[in-house]
Amino acid sequence: MPEAQHLLLFIAAGLLLNLTPGPDVLYIVSNSLRAGAKAGVVAGLGITAGCFVHVFAAALGVSALLATSATAFTVLKWLGAAYLLWVGVKLLLARPQPVGWGRGAAGAHPTATPVSLRQVFTGGFLTNVLNPKVAIFFLAFVPQFIPADAAHKAWSFIALGTLFNLNSIPVNSAWAIAAAWMARSHAVQRGMHWLDRVAGLMFIGFGARLALSENPSNP
């Protein structure tokens, strides 16, 4: 494991990276807006689970294969792009539905539109697992904080990757809670149909960008 100052730097960098908007944040926010904070938190947990797959894959050398094999990178890239495009088109074609953040009979507690939390979790999981750039990110980012004289580099990689992923949970949960709080606004509820359209276009944009991306390890 790195020294205390390097470990703090790793944690700070991880928090900043997790705060950066991207497909993960968009997925959390869109689910939280439509179905409440619980759905957003579950979406974040699915994303974290997908990141754990990449951490263990990197420790086993699978991410190195993605970084060096054009074929492996391209196959996973197209699968990920197709999935993001599918999510985007699904949002674009979705029929207008009430957000479900009205107040109950007693006027005290908001109620969220029912959703399948299993599907929300699986969607977040696939958002990460099918993105080869996430695998290569871990392969490029984490080793910088592993001491050159570390006796067990693979275990150090897993430990740091686990720390990075666990640190993402409160950040993702904060995105979910903030989005759910925004959804209480009547203006947001009235414009949810258009927010779905915007989210759909953004997912399509992320998918297209992934499809057009090159393996970052190639010169």
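A few points about this structure:
- Segment THR122-ALA94, length gained on full extension (0.36 nm per residue, minus Cα span): 8.2 nm
- For region 147-153, backbone phi angles converted through the Karplus equation (6.51, -1.76, 1.60; θ = phi - 60°) give residue-by-residue couplings of x, 4, 9, 4, 6, 10, 5 Hz, Gly and Pro being listed as x.
- Cross-link partners for LYS153 among the lysines, with Cα-Cα distance under 27 Å and sequence neighbours closer than 8 places in the same chain left out: LYS133.
- Cα gyration tensor, region 2-63 - rounded (a/c under 1.5), prolate or oblate: oblate
- Extension gain from GLU214 to LEU79, taking 0.36 nm per residue of separation minus the Cα-Cα distance: 47.1 nm
- Residues TYR27, TYR83 arranged by fewest to most Cβ contacts within 10 Å: TYR83, TYR27
- Rel. contact order, % - alpha carbon contacts under 8 angstrom, at least six apart, region 1-92: 11
- Virtual paramagnetic centre 7 Å along Cα→Cβ of TRP181, amide N under 20 Å, in region 23-41: 25-41
- Karplus 3J(HN,Hα) series, Hz, for region 76-83 with 6.51 cos²θ - 1.76 cosθ + 1.60 (x for Gly, Pro): 5, 4, 5, 5, x, 5, 4, 5
- Among VAL134, VAL29, VAL53, sorting on how many other beta-carbon atoms sit within 10 Å of each Cβ, with the fewest leading, yields VAL53, VAL29, VAL134.
Each reported figure results from applying straightforward, stated rules to the coordinates on display, with no laboratory input. No experiment lies behind these values; they were computed from the predicted model shown. Here the Cβ is made from the backbone with ideal geometry for all residues, glycine too, and neighbour counts use every protein chain on show.
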